[in-house]
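Here is the structure we will look at, set down as structure tokens.
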Amino acid sequence: MIQRLGVLRSPALAVPLPPSLDLDACYRYCEALVRARHHNYPVASMFARSHLRKHIFALFAFARVADDFADEAAYEGRRARELDRWEEQLHEAYRGHADHPVFIALADSVDKFALPITEFVELMSGFRTDLERRRYSTFDELRSYTRQAAEPVGRLLLYIAGYRAPELHAYSEDLSSAVAIARLIQDIPADWARGRVYMPAEDLRHFGVTETDIEQRRNTPAVGAFVRYMVARTRALFERARPLVDIVGADLAVELALTWHGGMRILDKIENVGANLFSERPSLGSADKAIVLARALAWRGETLPPRSFHLLARLLDR
């Protein structure tokens, strides 16, 4: 799986259902689902406006459960069936009939922000692609995959914040794909273990990297050259997306700056690992996250309310 949503901390099955289907309880359940993963980027952090956060959690919870259906061992042998049922519940929620906590919360968000069902359907197509396809010949094919499996989330996030301008959505598409591809580079060995190679075959071949190199976790100059190339290509996508962070208002400015710098920082870590990528998984530590936060605040911190900025300063001084 593309791991759009992060690295699994605990299975979705371990997140208990809410004691009731009260709307607030359903939103809290969505938050618990999302928080069960670790991310290179924030999801509904304290820097997103409070009135948006629960709706962002509902969006990511929907994707989180579908992600598990496509990827988790617990669903082996019934992945397609579970994804079909999840999409059926999506359509029912749009008709006003929701009986699952995720869809009760999501239906409320859909009503408040007029979220188009087409984005969710496209996202589901991306999850199904992981059941059907194991290799990608070119970078264009990989981008076709992330257009389904990642970019709808970015557009829906902008819908929730009230941004519908096509040019902003175009920037968000580049950012979503950049974040997704950075994760795919980061997790090449893990995806190999699942039987998937997302890296374009033409680029592996160009640099002389084979699937056997991945399988045997070889550290070679060819691997280092390939990693450098993929990092540079993905950085270019982040740069294409940069205007989005400059343009959005206070509701998402710091949140998206964190996403941008988090993605760029993991690319730095990947580049530093270089030829050892197949045997040493790069990740963001506490020092990296502090750097990301400082850079994001330097970029768009002026959009924070004075009270939030002072509270953050006090926390950082501890």
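A few remarks follow.
- Residues that are loosely packed, with under 13 Cβ neighbours inside 10 Å and not charged (D, E, K, R), drawn from the stretch 129-147: SER137, THR138
- Failed item in (1) at pLDDT 95 or above; (2) under 30 Å from MET264 (Cβ atoms); (3) in a loop (DSSP other than H, G, I, E, B), with ALA61 passing the rest: (3)
- Here ASP71 fulfils each of the conditions (1) without any contact (Cβ under 8 Å) to a residue 60 or more places away in the chain; (2) not assigned by TED's automatic domain parsing to the domain that holds LEU175 apart from (1).
- Just one residue in the set PRO19, PRO42 is assigned to a loop (DSSP other than H, G, I, E, B) and either touching a residue at least 60 places away in the same chain (Cβ under 8 Å) or buried (at least 19 other Cβ atoms within 10 Å of the Cβ) (or both); that residue is PRO42.
- Scanning the stretch 148-188 for residues being without any contact (Cβ under 8 Å) to a residue 40 or more places away in the chain, of a type in the set (Gly, Ala, Ser) and surrounded by fewer than 23 Cβ atoms within 10 Å (Cβ to Cβ) gives a total of 2.
- The one condition in (1) touching a Phe, Trp or Tyr at 6+ places or on another chain (Cβ under 8 Å); (2) free of Cβ contacts under 8 Å to residues at least 24 places away in the same chain that TYR94 fails to fulfil: (1)
- Test: ALA241 is touching a residue at least 12 places away in the same chain (Cβ under 8 Å), surrounded by 22 or more Cβ atoms within 10 Å (Cβ to Cβ) and in a helix (DSSP H, G or I): yes
The values are calculated or read from the model by the stated rules, or taken from the named source; none is laboratory data. Source: prediction; values computed, not measured. Quick reminder, even Gly has a Cβ in these numbers, built from the backbone with ideal geometry, and neighbours come from all protein chains shown.
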